[in-house]
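Single-structure report; data block below.
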Number of protein chains: 4
Amino acid sequence: MSDGKQAASRVSRTTTRVRYPETDRMGVAHHAHYLVWFELGRTELMRQAGCAYGALEDVDGVFFPVIEAGAEYIAPARYDDVIDIETRLTRAEGVRVRFDYVLRNAGDSRVLSEGFTVHASCGRDGKPCRLPESLRLRLTGHGDER
Amino acid sequence: MSDGKQAASRVSRTTTRVRYPETDRMGVAHHAHYLVWFELGRTELMRQAGCAYGALEDVDGVFFPVIEAGAEYIAPARYDDVIDIETRLTRAEGVRVRFDYVLRNAGDSRVLSEGFTVHASCGRDGKPCRLPESLRLRLTGHGDER
Amino acid sequence: MSDGKQAASRVSRTTTRVRYPETDRMGVAHHAHYLVWFELGRTELMRQAGCAYGALEDVDGVFFPVIEAGAEYIAPARYDDVIDIETRLTRAEGVRVRFDYVLRNAGDSRVLSEGFTVHASCGRDGKPCRLPESLRLRLTGHGDER
Amino acid sequence: MSDGKQAASRVSRTTTRVRYPETDRMGVAHHAHYLVWFELGRTELMRQAGCAYGALEDVDGVFFPVIEAGAEYIAPARYDDVIDIETRLTRAEGVRVRFDYVLRNAGDSRVLSEGFTVHASCGRDGKPCRLPESLRLRLTGHGDER
């Protein structure tokens, strides 16, 4: 899959700290927040690719609703831990975009979670629409970035 | 204040259960979620008044953004506790609406929190607009409900 | 898989309403909250099976941290929609428990999402421990319930 | 109030970005999240004062549950906006600690919100306990920091 290879060149790293309300009474971060951290990751990847997601929606009228998501929870994250979020664009073709994520504890590099999200490319009317070619090129790192 | 007296006639009760992700590592519900429970309370009050908030926004183009909120936290709420939410409309005039809330543990009627929210009445453009009279009458229970 | 067949007998239904803060600026419920709704579903299933999850943690010292989760997002959920949550226990053996979920719009029965969670059975020390037989029987509906 | 004057010397600044799930269908950040941002502010203030809150709970056995909170919402915050969080310790005596907050849009310095939280100083048993003097001195900036 040629797009897969192209997309693999786009990797982004960012960090977040576990917030107190993200913990639950088990004393660790609740699993639903990992999806929010994944979203922080793809937000930064898209910003670095020159297509900040806010502008994508507001200016280009392109939306990326999540149509599938999955995560493995390998080790717990605790309050105030710094989480490294590694995001990889692994598909961007037709009406589909896919990101893969690895979360690590920044203190000891231990892998906490691996996951993915698949998105539909949609227009303002909420209907699927082909990813604009210029956007696809920027995302995959094969166009003129920024 | 005549509106205060009128408004006092509108009281609503509903319940919610403390969700696992609403707890934090202290083992109790995190204080930010109380604002969400207050919102459940006023949502039900408005539904009972015949002005479901969703239709208010979608059909009437009236929005009630929060401009002030406050809460006292009197006793902790724990996972799976049933919370009684008592909501009282205490002001509805001009461009302001105010709700007061009392949260109780449904098991033993212990008061957990008292709080309030003040809302601006706004139009679709986000600018303050006088509360429509028909809406004010329904909210305060002095119009033809439903 | 005999346990699968046994487990299939345990199905639970409950409902929730989409809360305002569960929506995002796309105008629909944010995908991370679906994991919270799944949790509401398994909480009710366990309550109906006579093993309320809070007591499981507090009394029995058994914890079910999520080790894997996945969801497909088929149709959007909107503010104030009533969501039917159908939960099915599909595995309960050794140190693993699995639940499968179907979310439907209660208004028109349209399927909104299908998903699953896999849990490790752990003790107070956070280490995996075999699901106690009495608990397994209650969960799968083959023991003396209540 | 001498403590008030002392405390006034402790000010902290940090930033956060508005996350997508923090927005609601009104297109702006939901008001409950401001309490979470306030918490980010006091977390950083305490870290800078040499008493990271996690260690306070885990090592010192001191907890600061919120007993009162309030906020004014002056201007909306939007997706991906950078929020400046200014936190001021305004009381630390007996069994009470108070923080005051100002949130600004980092882009144009516009004030978005002003608020406060009051905390009880509690021990591991959840009962109020006098703020340890060494902690009080570090918090107010009158002890040996770090």
For segment D:106-146: rounded, prolate or oblate by the Cα gyration tensor [a/c cutoff 1.5]: oblate
Taking a label point 7 Å from Cα toward Cβ, how far is residue B:124 from its twins in the other copies, in nm, shortest first? 1.3, 6.0, 6.0
Counting other chain Cβ atoms within 10 Å of each Cβ in B:60-70 and taking the mean gives 4
With charges only on Cβ, +1 for K and R and -1 for D and E, what is the dipole size of the protein assembly as shown about its Cα centre, in debye, rounded to 20? 0
Along the charge dipole of segment A:26-143, Cβ charges K/R +1 and D/E -1, which of A:102, A:36, A:134 sits furthest on the positive end? A:134
Dipole in debye (nearest 20) - segment C:98-146, about Cα centre, beta carbon charges: Lys, Arg +1; Asp, Glu -1: 160
Could you tell me whether the protein assembly as shown comes out rounded, prolate or oblate from its Cα gyration tensor? Rule is a ≥ b ≥ c as square roots of the eigenvalues, rounded for a/c under 1.5, then prolate if a/b exceeds b/c, otherwise oblate. rounded
Tell me the Rg and the Dmax, in Å, that the Cα atoms of chain B produce. 15.7, 48
May I ask for the net charge around residue A:104, where only other residues with Cβ less than 12 Å from the Cβ of residue A:104 are counted and Lys, Arg are +1 while Asp, Glu are -1? -3
Any idea of the total accessible area buried by the D-B contact, 1.4 Å probe, rounded to 100 Å²? 1800
Total Lys pairs in the protein assembly as shown closer than 28 Å by alpha-carbon, pairs eight or more apart in sequence or interchain only? 4
How many Å² of accessible area per residue for chain C, probe 1.4 Å? 41
Under the definition of Cα pairs under 8 Å and six or more residues apart, what whole-number percent is the relative contact order of segment C:11-57? 40
Using only atoms on other chains, find how many Cβ atoms lie within 10 Å of each Cβ of peptide C:73-85 and report the average. 2
Give the peptides A:73-84, B:92-103 in descending order of average Cβ contacts within 10 Å, highest first. B:92-103, A:73-84
Per the 1.4 Å probe, what fraction of the accessible area of chain D, in percent, lies on carbon and sulfur atoms? 47
Kindly give the semi-axes, whole Å and largest first, of the ellipsoid equivalent to segment A:66-113, taking each as the square root of 5 times a Cα gyration tensor eigenvalue. 26, 11, 8
Signed unit charges on C-beta, dipole axis of segment C:16-137, positive-most listed residue C:18, C:85, C:52: C:52
Given the DSSP H assignment, sum -39500 (n - 2.57) over each helix run of at least 4 residues in chain D and divide by its residue total; what's the result at 222 nm in deg cm²/dmol, nearest 500? -6000 deg cm²/dmol
Expected response for nearest chain C Cβ to the C-B rotation axis, distance in whole Å, is C:16, 5
Treating only Lys and Arg (+1) and Asp and Glu (-1) as charged, each at its beta carbon, one finds that segment C:51-131 has a dipole about its Cα centre, in Debye to the nearest 20, of 300
In nm, one decimal, shortest first: how far is the label point of residue D:142 (7 Å from Cα along Cα to beta carbon) from the matching points in the other copies? 5.4, 6.7, 6.9
In nm, what does the list of distances from residue C:61 to its counterparts in the other copies look like, shortest first, when each label sits 7 Å along Cα to Cβ? 2.2, 6.3, 6.4
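The values are calculated or read from the model by the stated rules, or taken from the named source; none is laboratory data. As the structure is a prediction and not an experimental result, all values here were calculated from the model. Note that we place each Cβ from the backbone using ideal geometry, even for glycine, and neighbour counts take in every protein chain shown. Just the protein is used for accessible areas: all its heavy atoms, side chains included, with ligands, DNA and RNA removed. Shrake-Rupley method; radii C 1.70, N 1.55, O 1.52, S 1.80 Å.
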